[in-house]
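Only one structure is covered here, and it is reproduced in the block below.
The values are calculated or read from the model by the stated rules, or taken from the named source; none is laboratory data. This structure is a prediction, so every number in the text was calculated from the model and none was measured. Here the Cβ is made from the backbone with ideal geometry for all residues, glycine too, and neighbour counts use every protein chain on show.
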Amino acid sequence: MKGTAKLLLLSSLVVLYFGLGVVGPWYADVPFQGSIAALCVLLRLQTSGWRGLRTDLAFLLPFLCTLVAMGALLDAFAMANRTDWTEDALCKALVFPNSFWSIQLAVGALRLTDLVALPRGVRRFFILTHALVSKSRPLIERLWWLVCHDPSLQTGPWIIRSGRRLTVLLAAALIAVYHETEATVRVYDARMALLEENPS
Amino acid sequence: MNSSGQSTHPSLREESLQHEDPMLLGPWEIGVHPPGLTYRIPAISLPYGSRVWLSGDNGAGKTVFLERVLLPRLAAMGRQVFLVAQDLLLQAHVMAAVLASRGQRAPRCLDDLVMAWCAPARPNSILLLDEADRHLSPRTIHQLLELPLAFVVAVSHQGRPCTTTHCFTICRHETLVHLEIGP
Amino acid sequence: MNSRILTLTLTVVVALVTLFVRIPLPSRGYFNVGDAAVIFAGLVLGGASPKHPLLWGALAGGLGSAAADILSGFALFAPLTLAAKGLEGALAAAAAKHTAALRWIWAAVASSAMVIVYFVGEALWPSIGLQGALAELLPNLLQAAGGTLIGVTAFGLVERTGWLRDDDTAAR
Amino acid sequence: MPTSLPTLELDPTTLTVTPNLGNEILLFARNPEAVAVALHQWAQDFGLVLDLQRPLSTYSGGEQVLLVAGLWAILLQKHPQVIVDLRRAVSTLSATNRTRLHHALTQALPQATILLEEEQVQQGEPSSRGDLSP
């Protein structure tokens, strides 16, 4: 399955979960949230393996601990005359990862072939944006390497040196990516014109 | 400056001593990952003022040698290294932004931009040119080779200028890359 | 410069600079220099676009930052990021026509607005709530301060290079 | 030289739309699998190791030109006449590779007009030593 159909299926699954599990009746339903969590973990393992799952947990676990700690703190002060802040935080400790993974898995399932199969009108925009973000990343990494090895940007304390390098990177990236954007749009239109005149 | 004309300022005194020394390179056996190449560089002593011309076929590993083998080792020796990269059209944006951060307006012409960017080079600085003749005029290449710098190493596919003092070739056999004296 | 190409350019720069330098945070995800890029993008678009500067600034700041959330797996935050960074980009675009102290003040207002939108949005968000929003406040304030400092300085560099005033591609 | 013919210009600063040849094939080829097989053969003929998912920017300048020229030689095989303009890309190629590329293109596109030499740059046409105006 590709293109618009795949996009519609993925977005309706996400909307369905958010409608029922985040802003809907099953927000505090532990069996429901628990089974969604198990499903997300399995899918995440299948798509990105242990490494991907470890990266997620490296972010999720500290955040969930902060959430529960803040809940206990608010309970201690009986904020807004409520005493269920910790209990609510524990609920969020299940809902937040599910909402986080549901969107991540949906977005991660999209491929360039899905964009190519899109209707012609939106196809050019999505393809160029996908191409530009993919192409500009090594370009900006290369610019950063050049900035970090520029002889004029080697002196001063770490914070000043990093600040100067970042300002130079932003200024250089502006014009470099502008040229890249202009050239990529030109090459795309030229190649499409070439192919439309010579269907192979 | 003391009465005998010898500089008394520590860094100036260090600089004036340093830039007379020859540059000692190698012998090195260095693995570079990625792209998974091993560089075998013999012991080389380059007198002050050497102008080295480096050639080699497409994909032999010239750029990786300049950027990942030579440049880090020169920087570790405390040298100020000016690298004019193979993707000079991209690097030009960094050069222009660096000139702006020095309060200077960046020239439009690439040749003038590179010369302005190299202006703060000191007598013991080193200049590395990676296929600069693809973008810069022969006159600018000549001017760069003539700059009063400790050493210049230039990589190119094109003909070797007469002002160069040494010529090396990068040869690659599968993942082993070595440096040969002469074309 | 062509405003459309410039906005697409800055959207990509905001997204990639946000992705490029990231320090994981205990709460929303990561500490990044994205705000410097959003302030910078707003100023550039404000300085280069005679028509609708605030709109272009909002698009580049909002879309770029939301794209970074999506690409880095934090797509959950993308809607809120779109609003907060979009507002930040728009206010930064308004700062472009001012100089010296006024520009710095406007840029600080822009990044403070981002902090406020994030706090209110997260407090109301069911799966984050007031607990998450409070944990988020200090890191966001630090990002706002750093972003303003670097973003305005970088725009000053671009002004000095004269790139924005070239008329061979008239700004439309 | 008839300028009405469709022209494929290879500018070494921007050879492709996407960052790797795998995505470029997905974008432009109607039968991606067949094109991928033919491109692997082309690369082998030049002694290159082709990885379709490897970012093109990680190949050397000359290798990029050889591979992209090969991709379009395959995509345009059915077209009787086209202009292949390599004048800006030629400086990234060593002398041996220039000759071999010209020969391979003539074989793949027998009726194409292949511009390879610098001196064929027409008056007033900006050469690769462009200036920096945005």
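Any residue that is in contact with a helix residue (DSSP H, G or I) (Cβ under 9 Å, 6 or more places away or on another chain), of a type in the set (Val, Ile, Thr) and at the interface with another protein chain (Cβ under 7 Å from one of its Cβ atoms) - is there at least one of those in segment B:66-88?
For segment B:66-88, residues in contact with a helix residue (DSSP H, G or I) (Cβ under 9 Å, 6 or more places away or on another chain), of a type in the set (Val, Ile, Thr) and at the interface with another protein chain (Cβ under 7 Å from one of its Cβ atoms): present.
Only residues that are over 30 Å from residue A:39 (Cα atoms) and facing chain C (nearest Cβ under 7 Å): list them for segment A:93-138, please.
Matches in segment A:93-138: A:132, A:133, A:136, A:137.
Sort through B:106, B:97, B:116, B:92 and tell me the only one that's in contact with a Leu (Cβ under 7 Å, 6 or more places away or on another chain), in a loop (DSSP other than H, G, I, E, B) and surrounded by 16 or more Cβ atoms within 10 Å (Cβ to Cβ).
Of B:106, B:97, B:116, B:92, the one residue that is in contact with a Leu (Cβ under 7 Å, 6 or more places away or on another chain), in a loop (DSSP other than H, G, I, E, B) and surrounded by 16 or more Cβ atoms within 10 Å (Cβ to Cβ) is B:106.
Can you tell me which of B:83, B:74, B:88, B:46 is aliphatic (A, V, I, L, M) and touching a Lys or Arg at 6+ places or on another chain (Cβ under 8 Å)?
The unique qualifying residue is B:88.
Got a sec? Which of D:81, D:41, D:64 is part of a helix (DSSP H, G or I), polar (S, T, N, Q) and surrounded by fewer than 19 Cβ atoms within 10 Å (Cβ to Cβ)?
Details: D:81 fails: part of a helix (DSSP H, G or I); D:64 fails: surrounded by fewer than 19 Cβ atoms within 10 Å (Cβ to Cβ).
Sole residue among the options that is part of a helix (DSSP H, G or I), polar (S, T, N, Q) and surrounded by fewer than 19 Cβ atoms within 10 Å (Cβ to Cβ): D:41.
If we scan segment C:96-113, do we find a residue that is more than 29 Å from residue A:108 (Cβ to Cβ), in a helix (DSSP H, G or I) and within 11 Å of chain A (Cβ to nearest Cβ)? If you could, list the steps in order and put the result at the bottom.
Quick first cut of segment C:96-113, residues more than 29 Å from residue A:108 (Cβ to Cβ) only: C:96-113.
Those still in the list that are in a helix (DSSP H, G or I) too: C:100-113.
Subsequent filtering for residues that are within 11 Å of chain A (Cβ to nearest Cβ) retains none.
Checked against the condition, which is being more than 29 Å from residue A:108 (Cβ to Cβ), in a helix (DSSP H, G or I) and within 11 Å of chain A (Cβ to nearest Cβ), segment C:96-113 yields no hits at all.
Quick one: is residue A:90 modelled with pLDDT under 90, under 30 Å from residue A:69 (Cβ atoms) and either more than 7 Å from every other protein chain (Cβ to nearest Cβ) or in contact with a Lys or Arg (Cβ under 6 Å, 6 or more places away or on another chain) (or both)?
On the way: modelled with pLDDT under 90: yes; under 30 Å from residue A:69 (Cβ atoms): yes; either more than 7 Å from every other protein chain (Cβ to nearest Cβ) or in contact with a Lys or Arg (Cβ under 6 Å, 6 or more places away or on another chain) (or both): yes.
Yes.
Among the residues of segment C:55-97, which ones are surrounded by fewer than 22 Cβ atoms within 10 Å (Cβ to Cβ), at pLDDT below 90 and under 14 Å from the mean Cα position of the chain (by Cα)?
C:78
Give C:164, C:157 a once-over and let me know the one that is in contact with a Gly (Cβ under 7 Å, 6 or more places away or on another chain), within 17 Å of residue B:93 (Cβ to Cβ) and either modelled with pLDDT under 85 or not hydroxyl-bearing (Ser, Thr, Tyr) (or both).
The unique qualifying residue is C:164.
Among the residues in segment A:40-47, are any at the interface with another protein chain (Cβ under 9 Å from one of its Cβ atoms) and touching a helix residue (DSSP H, G or I) at 6+ places or on another chain (Cβ under 8 Å)?
no
Check C:48, C:58, C:90, C:68 and return the single one that is without any contact (Cβ under 8 Å) to a residue 40 or more places away in the chain, of a type in the set (A, V, I, L, M, F, W, C) and closer than 23 Å to residue A:133 by Cα.
Only one candidate qualifies: C:58.
Mind checking whether some residue in segment B:140-162 is buried (at least 22 other Cβ atoms within 10 Å of the Cβ), among the aromatic types (Phe, Trp, Tyr) and more than 10 Å from every other protein chain (Cβ to nearest Cβ)?
Scanning segment B:140-162 turns up at least one residue that is buried (at least 22 other Cβ atoms within 10 Å of the Cβ), among the aromatic types (Phe, Trp, Tyr) and more than 10 Å from every other protein chain (Cβ to nearest Cβ).
Looking only at segment B:104-117, which residues are over 16 Å from residue B:89 (Cα atoms) and more than 7 Å from every other protein chain (Cβ to nearest Cβ)?
Answer for segment B:104-117, where residues must be over 16 Å from residue B:89 (Cα atoms) and more than 7 Å from every other protein chain (Cβ to nearest Cβ): just B:104.
Identify all residues within segment A:69-85 that are surrounded by fewer than 19 Cβ atoms within 10 Å (Cβ to Cβ) and either under 25 Å from residue A:35 (Cβ atoms) or touching a Pro at 6+ places or on another chain (Cβ under 8 Å) (or both); write none if there are none. Walk me through how you get there before you give the answer.
Here is the first cut: in segment A:69-85, the ones surrounded by fewer than 19 Cβ atoms within 10 Å (Cβ to Cβ) are A:69, A:72-73, A:75-84.
Passing the criteria: only A:84.
For residue C:49, work out the one condition from (1) at pLDDT 90 or above; (2) more than 13 Å from every other protein chain (Cβ to nearest Cβ); (3) within 22 Å of residue A:179 (Cβ to Cβ) it doesn't fulfil.
(1) is the only condition that residue C:49 fails.
If residue A:172 satisfies every condition in (1) surrounded by fewer than 19 Cβ atoms within 10 Å (Cβ to Cβ); (2) more than 8 Å from chain D (Cβ to nearest Cβ) but one, which is the exception?
Unmet condition: (1).
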